[in-house]
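K.L.:
Mind looking over this structure? Questions follow.
The values are calculated or read from the model by the stated rules, or taken from the named source; none is laboratory data. All values derive from a computational prediction rather than experimental measurement. Virtual Cβ from ideal backbone geometry, glycine too; neighbours counted across all protein chains shown.
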Amino acid sequence: MDKSSPPLMSHHSFTITIIGCPNCCMTPYFSDFGIICNYRPAVNHEKCVQCGACGNYCTEEAISLESGDLVIDYEKCVRCGGCVKECPADALYIDRKCYKVVVGGCGSRHPQIARTVTECTDVTGVLQILNKVLHLCKQAPFKGRELSFHEVIEKYGIEALQQ
Ligand code: SF4
Ligand code: SF4
């Protein structure tokens, strides 16, 4: 901050939001870099008594009891992990904890919702993406003003972070 001229303002800062579940109450989708903790559920069919409590709980309608067999639709599931706590038979469990990474969000004059780089990666994957982000920021040209990070993403494409 001491070295900057003109004075740094809030829109100059690079914002990183880390959130513990997909409810996203701290708005990672309006941050430059958002890390969203995910909990993927799975079922132990031998323990399941088919009571339907998990399906009633899931507001994403990701759980169904088809032909007497419990099915989790991972396309619909947002990996909140909430259904696991609802199961009275201890049949549901978290089989993978991982991190969704979103980038390029901005809540300014022209709001932008952050775009998804990956739905599910580990800590190493998060740090690799963050390194690529910082590299792109350093490459970005200056034309009278600094580019916002969502403009950097528009220039280089989200694919530059997915390779
Ligand atoms: S983890 Fe959340 S979204 Fe996924 S099936 Fe369970 S309650 Fe539904
Ligand atoms: S709450 Fe548990 S026991 Fe009931 S249907 Fe779901 S997984 Fe099966």
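K.L.:
From the list VAL49, VAL84, exactly one residue is over 23 Å from the mean Cα position of the chain (by Cα) and not small (Gly, Ala, Ser). Which is it?
P.N.:
Checking each option against the conditions leaves just VAL49.
K.L.:
Then there's this: Can you tell me which of (1) among the charged types (D, E, K, R); (2) surrounded by 19 or more Cβ atoms within 10 Å (Cβ to Cβ); (3) at negative phi is the one ARG79 doesn't meet?
P.N.:
(3)
K.L.:
Residues that are assigned by TED's automatic domain parsing to the domain that holds THR27 and either closer than 18 Å to ASN44 by Cβ or among the β-branched types (Val, Ile, Thr) (or both), at least 1 per element: which strands (runs of 3 or more DSSP E) completely within segment 61-163 meet that?
P.N.:
92-103, 115-121
K.L.:
Mind checking which residues of segment 8-59 are closer than 15 Å to VAL84 by Cβ and part of a strand (DSSP E or B)?
P.N.:
Hits for segment 8-59 are CYS37, ASN38, TYR39, ARG40, PRO41, ALA42, VAL43.
K.L.:
Still on this structure, please answer the following. Would you point out which residue out of CYS48, CYS98, CYS137 is in contact (Cβ under 8 Å) with a residue 40 or more places away in the chain, farther than 17 Å from ILE19 by Cα and away from ligand 2 (no atom under 16 Å from the Cβ)?
P.N.:
Testing whether each residue is in contact (Cβ under 8 Å) with a residue 40 or more places away in the chain, farther than 17 Å from ILE19 by Cα and away from ligand 2 (no atom under 16 Å from the Cβ) leaves just CYS137.
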